[in-house]
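Engineer: There's a structure below that I have some questions on.
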């Protein structure tokens with residue numbers, strides 16, 4: 001997770017045909033951006049993974065004094081990866097729970113490589129790694 005003064009994305013190459021066609025990107029300010037990789041082992045219990053993710057996102061957002069969270073699929077961080085359908089469902093569930101808890105929550109374009117613009121402060125709590 002990286003707390004960003006400014007985070008922007010623009011979709012460039014669609015990698016998963018079954019997902020929504022997105023031509024435009026977005027820009028977020030003062031947001032916690034979560035670079036998320038779901039592994040094959042995570043597919044056993046989506047509710048548990050969802051709960052842990054929401055808990056960690058809320059903790060990191062609070063630490064960085066923001067109510068804005070962006071979920072970004074970063075599916076090439078490990079040797080295994082979860083099915084894209086599982087990952088998208090997980091993102092949708094986490095986004096709904098974050099919004100229900102009065103956070104602004106969004107997702108980057110799912111199933112795309114994209115150009116990223118990241119401006120992050122050089123403070124320790126701006127970069128947090130969590131594996132579960």
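The values are calculated or read from the model by the stated rules, or taken from the named source; none is laboratory data. Note that the structure is predicted; figures quoted are calculated from it, not measured. Cβ coordinates were reconstructed from backbone atoms using ideal geometry, including for glycine residues, and neighbour counts include every protein chain displayed.
Residues are listed down the side, and each one gets a yes or a no for (1) surrounded by 14 or more Cβ atoms within 10 Å (Cβ to Cβ); (2) in contact with a helix residue (DSSP H, G or I) (Cβ under 7 Å, 6 or more places away or on another chain); (3) within 21 Å of residue 11 (Cβ to Cβ):
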site	(1), (2), (3)
88	yes, no, yes
91	yes, no, yes
94	yes, yes, yes
99	no, no, no
102	no, no, no
108	yes, no, yes
114	yes, no, yes
118	no, no, yes
121	no, no, no
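Engineer: Given the structure, is residue 63 surrounded by fewer than 20 Cβ atoms within 10 Å (Cβ to Cβ), within 15 Å of residue 126 (Cβ to Cβ) and either out of contact with any helix residue (DSSP H, G or I) (no Cβ under 9 Å at 6 or more places or on another chain) or modelled with pLDDT of 95 or more (or both)?
Structural biologist: yes
Engineer: In the stretch 66-94, what residues are in a loop (DSSP other than H, G, I, E, B) and modelled with pLDDT under 95?
Structural biologist: Matches in the stretch 66-94: 74, 75, 76, 77, 78, 79, 80, 81, 82, 83.
Engineer: With the requirement that a residue be in contact with a strand residue (DSSP E or B) (Cβ under 7 Å, 6 or more places away or on another chain) and in a loop (DSSP other than H, G, I, E, B), what does the stretch 1-19 give you?
Structural biologist: Result: 1, 15.
Engineer: Among the residues of the stretch 20-44, what is the count of those that are part of a loop (DSSP other than H, G, I, E, B) and buried (at least 16 other Cβ atoms within 10 Å of the Cβ)?
Structural biologist: 5
Engineer: Quick one: which residue in 32, 90, 57 is more than 22 Å from residue 127 (Cβ to Cβ) and in contact with a strand residue (DSSP E or B) (Cβ under 9 Å, 6 or more places away or on another chain)?
Structural biologist: Exactly one residue qualifies, and that residue is 90.
Engineer: Restricting to the stretch 19-52, name every residue that is in contact (Cβ under 8 Å) with a residue 60 or more places away in the chain, under 19 Å from residue 109 (Cα atoms) and touching a helix residue (DSSP H, G or I) at 6+ places or on another chain (Cβ under 8 Å).
Structural biologist: Scanning the stretch 19-52 gives a single hit, 19.
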